[in-house]
Amino acid sequence: MIRLYRQEKEEREFFELQGKVAQTFGKKGVFTEEDVEKIIFEGR
């Protein structure tokens with residue numbers, strides 16, 4: 001029972017965080033995985 005509750009809580013938190021990141025990236029014009037890779041490898 002506790003394991004199921006913890007799993008559901010972590011899943012909820014993951015989707016909340018994912019939504020926040022998606023909003024932030026959307027505002028910066030990052031929409032595809034390719035855009036993310038450009039940002040990551042830009043400084044290398």
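When the chain is described by a simple charge dipole with +1 on each Lys and Arg Cβ and -1 on each Asp and Glu Cβ, the residue from I2, T32, L17 located farthest towards its positive end is I2. Computed about the Cα centre, the dipole magnitude for the chain is approximately 200 debye when only Lys and Arg (+1) and Asp and Glu (-1) carry charge, each at its Cβ.
The aspartates and glutamates whose alpha-carbon is closer than 19 Å to the alpha-carbon of K9, local same-chain residues fewer than 8 away aside, do not include any residue.
Short to long, the 10 Å bins of the Cα pair-distance histogram for the chain hold 25, 33, 23, 15, 3 percent of all pairs.
Bear in mind that the values in this text are calculations on the coordinates, not laboratory data. Predicted model only: the values in this text are computed from it and were never measured. Heads up, the Cβs are rebuilt from the backbone with ideal geometry, glycines too, and the neighbour counts pull from every protein chain shown.
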